[in-house]
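Working notes, beginning with the structure itself.
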Amino acid sequence: GVPLLRQRLRELPDASDVVVAYPDEGAHKRFHAFFPDYHAVVCTKVRDGAKRIVRLKEGEPKGKHVVIVDDLVQSGGTLLECARLLSSIGAKRVSAYATHGVFPNESWKRFLPTSSEEASTVPAKRAHDGAASASCNFAYFWITDSVPHVASAVRGVEPFEVLSLAESIANAIQI
């Protein structure tokens, strides 16, 4: 999935402003070697019961299109908190990538721009250019089709974009 993401990042209109963020140290360890040509932003999280506290560990998101990279997303709580933090400290836009979009109980709906759940818990603020802000409107959310029912559900739904693994798998097994 990462080569597909890298290709997509090169195609973005603001490709020169992209920095790659990791929601925690584990994601940084798993993925940083795949993005040596991008500046890194690393967040750290502390769980206090059900509550997550996300802090910036290193990097500079101000004025950048920050793409949060992780291996899988379920409820999306950590991604949302990370996006809120990055937006609050000046990220121009926030996007996300997860190889495996598991999203039990249709939790992917938390990432819709007009999600009533988020709107009821977070003040709706959008920057004049449509950038992500405290309301966590993601510019893009890329997932692979490794979880087929989720890929089908989000295909064509903003901010989601499904990256197909079919060609990569076919090439790997030389079909």
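The values are calculated or read from the model by the stated rules, or taken from the named source; none is laboratory data. Note that the coordinates shown come from a computational prediction; the quantities given were computed from them, not determined experimentally. Here the Cβ is made from the backbone with ideal geometry for all residues, glycine too, and neighbour counts use every protein chain on show. Just the protein is used for accessible areas: all its heavy atoms, side chains included, with ligands, DNA and RNA removed. Shrake-Rupley method; radii C 1.70, N 1.55, O 1.52, S 1.80 Å.
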Next on the checklist: I need the full set of residues from segment 25-54 which are acidic (Asp, Glu) and either within 18 Å of Ala15 (Cβ to Cβ) or assigned to a helix (DSSP H, G or I) (or both), in order please.
Outcome noted: Glu25, Asp37
Checklist entry - Of (1) at pLDDT below 95; (2) open to solvent by 40 Å² or more (accessible area, probe 1.4 Å); (3) outside any loop (DSSP other than H, G, I, E, B), Lys57 satisfies all except one. Which? => result (1)
Item to check | Residue among Ala83, Ala98, Ala139, Ala153 that alone is in contact with a Cys (Cβ under 9 Å, 6 or more places away or on another chain) and modelled with pLDDT of 95 or more | outcome: Ala83
Checklist outcome for this item: Filtering segment 148-169 for residues that are of a type in the set (Asp, Glu) and over 25 Å from Asn137 (Cβ atoms) leaves a count of 1
Checklist entry - Can you name every residue in segment 2-54 that is loosely packed, with under 13 Cβ neighbours inside 10 Å and β-branched (Val, Ile, Thr)? => result Val46, Ile53
Item to check | Search result, residues across segment 156-170 that are modelled with pLDDT of 95 or more and assigned to a helix (DSSP H, G or I) | outcome: none
Checklist entry - Do we have any residue at all in segment 71-84 that's in contact with a strand residue (DSSP E or B) (Cβ under 7 Å, 6 or more places away or on another chain), assigned to a strand (DSSP E or B), surrounded by 18 or more Cβ atoms within 10 Å (Cβ to Cβ) and of a type in the set (S, T, N, Q)? => result no
Checklist outcome for this item: Contact list, first residue from segment 71-97 and within 18 Å of Phe34 (Cβ to Cβ), second anywhere and aromatic (Phe, Trp, Tyr) and outside any loop (DSSP other than H, G, I, E, B), beta-carbon distance below 6 Å, six or more apart or interchain, is Ala96/Phe141; Tyr97/Trp142
Next on the checklist: With at pLDDT 90 or above, of a type outside the set (A, V, I, L, M, F, W, C), out of contact with any Phe, Trp or Tyr (no Cβ under 8 Å at 6 or more places or on another chain) and open to solvent by 60 Å² or more (accessible area, probe 1.4 Å) as the only criterion, which of Ser116, Ser146, Ser107, Ser88 stands out?
Outcome noted: Ser88
Checklist entry - Just wondering, is there one or more residues in segment 120-130 that are among the small types (Gly, Ala, Ser), under 17 Å from the mean Cα position of the chain (by Cα), open to solvent by 10 Å² or more (accessible area, probe 1.4 Å) and modelled with pLDDT under 95? => result yes
